[in-house]
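Encoded as structure tokens, the structure appears first; notes follow it.
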Amino acid sequence: MATGKQAPMHVLATTLHAQASVTTSAYGSFSAPKAVEMVAVRAATRIDLLRPAADGTLTLVSSTDVFGAIRSLATFRLAGATRDYLVVGSDSGRVAILEYEGSKFKRAHVETFGRPGCRRVVPGQFVVSDPQGRAVMIAALEKQKIVYIMSRDTEARLTISSPLEASKSSTVTHHMCALDVGFDNPVFAALETDYTDADELLQSRRRMQRDRDAAEATIVPLRQKMLTLYELDLGTNHVHVVWSEPADAGASMLVAVPGGGDGPGGVLVMCEDCVRYLNPMAAANAGREQAAIIIAANQMEAVLPRRADLPRERGTLITCATSHKQKKMFFVMAQSEYGDLYKISLSLDGAGVPVQLTVKHFDTIPPCVSMHVLKTGFLFAASEFGDHGMYQFLGMGDGDDGDACATSDSPTPMHDSPAARRDAAPEITLRPLRNLFLTQSLESHAPITTMRVSNMLAEESPQIYALCGQGVNSHLKVMRAGISVTTLAENQLPGTATGVWTLKQRRDDDFELFILVSFDGKTMLLRVDETVEEVGEGNTNFMLDVTTMHVALLGDDTHVQTHPGGMRIITGDGRVTEWHAPGRRTVTHVASNRTQLVAALTGGTLVYFELAPDGTLQEDFEKRLDVTTSAGGGGGGDVACLSIAPVPEGQLRARFAAVGSYDNTLKVVALPVEEEDPLTVVSLQAVAANPASLLLVDYGDGALNLCCGLSNGVLVQNEVDIITGTLSNTRMRFLGNRPPRLHEVRVDNGTRSAMLALSSRTYLGYHRTDGSRAGGGGVGGGAVLVPVSCSALKHASPFSSAQSLDCVVAVEDNLLRIFSFDDIGERFHAMKCRIRYTGRSLCLMEEYQTAIVGCADANVKPIAEESLPDDAEAAAAFLDERAVLGPSRAASGSWASCVHIVDPRSGEVIFTHELNTADGGSKAEAEAASASSAADGSSPGYENVTAICPVTFPEHRGNETLVAVATGRNLCYLPRRVHDGGYLHIFRYRRSRRGEDDQHSLELVHTTRVKDDVPMCLCAFQGKLLVGVGGTLRLYDMGLKRLLRKCELAGFPTVIKSIETYGSRVYVADVCESVSIVKYRSLENSLYVVADDVLPRHMTACRRLDYDTVAGADKFGNAFVLRLNENASVEVDDDPTGGFTDKRHKLDVAAHFHVGDVITAMDVATLQPGGTELLLGATVSGAIRALVPFATREDADFFLNLELHLRQEAPPLCGRDHMEWRACYAPIKHVVDGDLIDMYASLPLDVQTSIAEELDRTRGDVLRRIDAMKNRLL
């Protein structure tokens, strides 16, 4: 028996792909006066500042982690101010007021009012602000409401008053808004319910329902919703209720109507199937009886147009709304839960009194959680699931265009009953977008329902296969690490290219005019205009019969072409001069900037040129460097590579050049600017191999960076002191098995320089300006190095065109490519394949390089019943239209479900097996299901896919791989006890050859009826099939007509969520009771539990890490690692009793961490060759997170100490304590927060230096350790 202890686990939790779902947003001017900007809260934990361009394209300006849960958001602007403040209600127990300064949001004021955490009675769930910026009300779900008065001091700084309470006991708040009352006292409206006697009323209701025959048996109604107005008296600093009346039972949202001089004021109450307008403040100064008459006269109602296919029992509810006002008009844009947009407007008479309320169907877009109408003519729609949209208004929906419209003409009586409203509602005719045009789609993977990682396509790095989205907006996404590119052109070349360059005619031109491609012994010149044409030798001054080594534009219009024999200088007026290499020497390398050029000759001689005022080059200096031959390599004293620094802004010359030598050294040499002895070495660094390429680049952050690609495939990066030329902050990263060739390109619409490193894999290095986590490894604090998803390239040059200012021209052997970067802020790019319904289960068939997807949706009509076109393109167009308009609704309790076979290379569905339809499913399956149902006297019912897995039965089917599909029958999740069992279908995977294409299909073998519960998970195990049926674990074997039950283990508390196996152990995750380890004894054919967890955890994902270790996640956003200690593991394996003693060991918690997001899937993978094995987790918000083990205990201690210092120096923005946030439900154990570590590089330099000194290290050492950790990921 082993006596040693297992080593403790220490990991780094970091985010690989940031969350994209939006929980709330705000619209205002934050960075500058009259700026059009939006703040989007991502997954309640991150604040993004978005700025739309003139064409509607959104740009990420800033991104900040708050390390807390943001519950609500509002903006306000003080009187006379030009910028908006942001008020944040979070789980910190504080109200945080933020302002944008510099390049990020900062605290303007933080006021504590309660305990931290998302609590019912602690304010933060609702935040509303007075339209005049005088006060803010922040409320809890229950009881508490607090008002703060906003003002400024004598120095124009924001001040906040003491809290003014407006609390009401036993009151639940459903929604709030601030009324526009001009400069009268601020008024806030709240939709509330008083539940003082709710328990007694509920018991009475139930008692009388049981005793319906009694004479006194009348149904007692529950408490009614109330619309209450709170007024802040600015004179007495007191908040009181000025009006309260019953509201409709289906009221769910309040929207303020513009008032003051912009409109009539009042509030719109969004009810089920209708909209009501009220203006209680119209009678503010009237008596009680007169006020009731005035309010009734200002009360109107209009029904909501509804879809024709909605069942009668289903209503229409408004879930999202925004208002927009101009000088002479205003309207409210509202959206229903089905995605239909309504334009709500009020018609006024000559006195400005509302006379008619109009609700008109405007368009249909995916359901949103937040919308904003921009004053630039765009609509920002943050989708509930899937991609967000930026829409341009093509029309305002005015006029008689055939869209459904409902009005309220006084004195038409109110429709009090839901049935009357639905009968009066006009029907909506679904159509494509008419008044809106989608200008930009912001990709969002939310929600990720399941995920697998595999290198099924045999690429350099594995792919992430994720089921994303919901309903008709669901996709299977194949995610690859790296920045995606768009190929604009691709042409064959007459030979193998040795280099490529692009040139402008003049420096102030917008676009490049020439592309020069060099070959062995010749050069090709291409002119880029409306078409690309080759220029002949007689039509240009460039030499086309030589091997071009370098081409550059100097000054305004001087072109320099370098070849081994010398240089040709072509001035703007057409003069041509030649410079020949002296003696028998030849030119080996050339580097240039805007005014300077340095050439390296054989023998290690450097020649310095400078641009003369007449546009010609003058040879100013020549010097031979002292270069020593390396012991193992050739090259003599020649220069291996060369680069020159760019000319700083506002100066005429650069100070330094860099030289790589074959003696494995890098040298920084001084150029003849002010130095008495030019071309002298001012800094030297030894490297591990011969330098192959050099690049001195300024990423736009004011720092000069020296990048060197070595012959062993390693990239070395240094910071260069711009005064002395000293090298510091050295970092190294292995890029590939080819020596990296470094080229300068442009990003951010051509405004900033970047580095393109070409090895066996392409990388892009640039400076991060938006605060996002977009990569690892870099030179400066904000510099990153991320892979680019494209084929291996050999040479590249920047190129600007009308399509994009960030294009790149590159050559690969005899292929010329022009491409542009899609989004340099993303670490992953995805190829997506649309699936019919919400993805429920994913199975990868690596043998066939295909993916099998099981999807299902409740209460919708199967697409197969809607005359889906046979043509593939027409069918895809039909599904795209359905993604906008939404699915066709079906009766409650019905399901639409299918199984897809997807080709991940092309992103196409190549086979579909539809369930629940006579023509969609196979006849054999229908007959089998009918026979199985007839045997137990029940009807087939509706099926929905719950799990899929590949399985083999060697004793019965040999090595043939079958596909097991588990389905539920008549399943209802709320409450889940309503079901009718399920089925286990066994399919044979068929691949046949038809012409040049492979045909893939599934053929039903047989179906097994499961009566007692729904099979929710499957797993192949020792030539058999493990099935989690409710709370029972069963083992099935293959039979001729159905699966045969071999053994089972009952007694799991609720429902088995997932099953993992290793050897004879089975790792079972229960939905509510954490993880259990089960052992299978083949001799006794029995299963028994050997270990379980101490705590009941509500599991959402589980993944086995090794024989004794399991990782999991729960629905509260926690990630943890459980481990069976070594002694207990040995005892379990050596147990001779076979589980008859009923002894259960307890799992120890090896690591625990609060992610703040629900993890839905986990997998273990290595995302780059030679990288570290990671535990990946996909979340509901669309994020990809990772747990990275530390290589040594010294690394763990270093990052732990760094985290402790960052908690003090970089406190969370909204006031939440970082330690409390990461330990919301249990203490942090052996996990370092990588997202907090990422903030080190964004701190001021003096703070970085101070932290580094506390750690007994330099700032460069800390950055190097952080980058080394990042480089292990991607």
(1) under 23 Å from the mean Cα position of the chain (by Cα); (2) at pLDDT 95 or above: which one isn't true of THR1166, the others all being true? (2)
Is at least one residue of the range 989-1004 assigned by TED's automatic domain parsing to the domain that holds ASP857, under 39 Å from the mean Cα position of the chain (by Cα) and closer than 19 Å to ASN944 by Cβ? yes
Collect the residues in the range 967-988 that are β-branched (Val, Ile, Thr) and more than 36 Å from the chain's Cα centre (by Cα), keeping them in residue-number order. ILE986
Kindly indicate which of ALA458, ALA420 is part of a loop (DSSP other than H, G, I, E, B), without any contact (Cβ under 8 Å) to a residue 24 or more places away in the chain and of a type in the set (A, V, I, L, M). ALA458
Flag if PRO1227 is surrounded by fewer than 21 Cβ atoms within 10 Å (Cβ to Cβ) and farther than 23 Å from LYS1270 by Cβ: yes
Going by the structure shown, is ALA54 in a loop (DSSP other than H, G, I, E, B) and over 19 Å from GLY117 (Cβ atoms)? yes
Any chance the range 88-106 includes a residue that's in contact with a His (Cβ under 9 Å, 6 or more places away or on another chain) and of a type in the set (Gly, Ala, Ser)? yes
Can you name the residue in the range 572-587 that is in contact with a Ser or Thr (Cβ under 8 Å, 6 or more places away or on another chain) and either surrounded by fewer than 19 Cβ atoms within 10 Å (Cβ to Cβ) or among the small types (Gly, Ala, Ser) (or both) and, of all such residues, is modelled with the lowest pLDDT? GLY572
Can you list the strands (runs of 3 or more DSSP E) found entirely within the range 1048-1115 that contain at least 3 residues being touching an Asp or Glu at 6+ places or on another chain (Cβ under 9 Å)? 1056-1062, 1065-1070, 1075-1081, 1086-1092, 1099-1104
GLY893, sole failed condition from (1) out of contact with any Ser or Thr (no Cβ under 9 Å at 6 or more places or on another chain); (2) on the phi < 0 side of the Ramachandran plot; (3) surrounded by fewer than 23 Cβ atoms within 10 Å (Cβ to Cβ); (4) in contact (Cβ under 8 Å) with a residue 40 or more places away in the chain: (2)
Of the residues that make up the range 609-625, is at least one of a type in the set (A, V, I, L, M) and at pLDDT below 80? yes
Filter pass, GLU881 being at pLDDT below 90 and either within 30 Å of the chain's Cα centre (by Cα) or not assigned by TED's automatic domain parsing to the domain that holds ARG994 (or both): yes
Residues of the range 650-668 being part of a strand (DSSP E or B) and either within 17 Å of ALA703 (Cβ to Cβ) or within 43 Å of the chain's Cα centre (by Cα) (or both), which ones? PHE656, ALA657, ALA658, VAL659, GLY660, THR665, LEU666, LYS667, VAL668
Matching residues in the range 100-115 - criterion: being of a type in the set (Ser, Thr, Tyr) and over 18 Å from ALA81 (Cβ atoms): SER103, THR112
Check on ALA631, at pLDDT below 85, over 19 Å from ASP508 (Cα atoms) and assigned by TED's automatic domain parsing to the domain that holds HIS795: yes
Being outside any strand (DSSP E or B) and more than 33 Å from the chain's Cα centre (by Cα) is the filter here, so list the residues in the range 712-740 that pass it. ASN712, ASP721, ILE722, ILE723, THR724, GLY725, THR726, PRO739
Output the residues belonging to the range 1169-1194 that are among the charged types (D, E, K, R) and either closer than 22 Å to LYS477 by Cβ or within 14 Å of the chain's Cα centre (by Cα) (or both). ARG1185
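What do you reckon, is SER347 without any contact (Cβ under 8 Å) to a residue 12 or more places away in the chain and in a strand (DSSP E or B)? First the steps, then the outcome.
Working: without any contact (Cβ under 8 Å) to a residue 12 or more places away in the chain: yes; in a strand (DSSP E or B): yes.
Considered against the rule, which asks whether it is without any contact (Cβ under 8 Å) to a residue 12 or more places away in the chain and in a strand (DSSP E or B), SER347 comes out as yes.
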The lone condition GLY80 fails out of (1) in contact with a strand residue (DSSP E or B) (Cβ under 7 Å, 6 or more places away or on another chain); (2) over 29 Å from CYS118 (Cα atoms); (3) not in a strand (DSSP E or B) is (1)
If I filter the range 431-444 for residues that are surrounded by fewer than 23 Cβ atoms within 10 Å (Cβ to Cβ), of a type in the set (Val, Ile, Thr) and either part of a strand (DSSP E or B) or not assigned by TED's automatic domain parsing to the domain that holds LYS861 (or both), do I get at least one hit? yes
I'm checking my understanding of the structure. Among residues of the range 1012-1031 that are in a loop (DSSP other than H, G, I, E, B) and of a type outside the set (A, V, I, L, M), which one is surrounded by the most Cβ atoms within 10 Å (Cβ to Cβ)? GLY1030
Answer yes or no: is there a residue in the range 853-872 that is modelled with pLDDT under 80, part of a helix (DSSP H, G or I), out of contact with any strand residue (DSSP E or B) (no Cβ under 8 Å at 6 or more places or on another chain) and among the hydrophobic types (A, V, I, L, M, F, W, C). no
What do you reckon, is SER683 assigned to a strand (DSSP E or B), surrounded by fewer than 22 Cβ atoms within 10 Å (Cβ to Cβ) and in contact with a Leu (Cβ under 6 Å, 6 or more places away or on another chain)? yes
Checked GLU960, GLU943 against criteria (under 20 Å from LEU1026 (Cβ atoms) and among the acidic types (Asp, Glu)); the one match is GLU960
Can you tell me which residue in the range 349-389 is modelled with the lowest pLDDT, limited to those that are of a type in the set (Gly, Ala, Ser) and under 24 Å from the mean Cα position of the chain (by Cα)? GLY386
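Please pick out the residue among GLY469, GLY538 that is under 24 Å from the mean Cα position of the chain (by Cα) and of a type outside the set (D, E, K, R). Step through it out loud before you land on a result.
On the way: GLY538 fails: under 24 Å from the mean Cα position of the chain (by Cα).
Selected residue: GLY469, the only one of GLY469, GLY538 that is under 24 Å from the mean Cα position of the chain (by Cα) and of a type outside the set (D, E, K, R).
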Would you say THR450 is in a strand (DSSP E or B), closer than 28 Å to ASP557 by Cα and among the β-branched types (Val, Ile, Thr)? no
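The values are calculated or read from the model by the stated rules, or taken from the named source; none is laboratory data. Predicted, not measured: the structure shown is a model, and the values here were computed from it. Cβ atoms come from the backbone with ideal geometry, glycine included; neighbour counts cover every protein chain shown.
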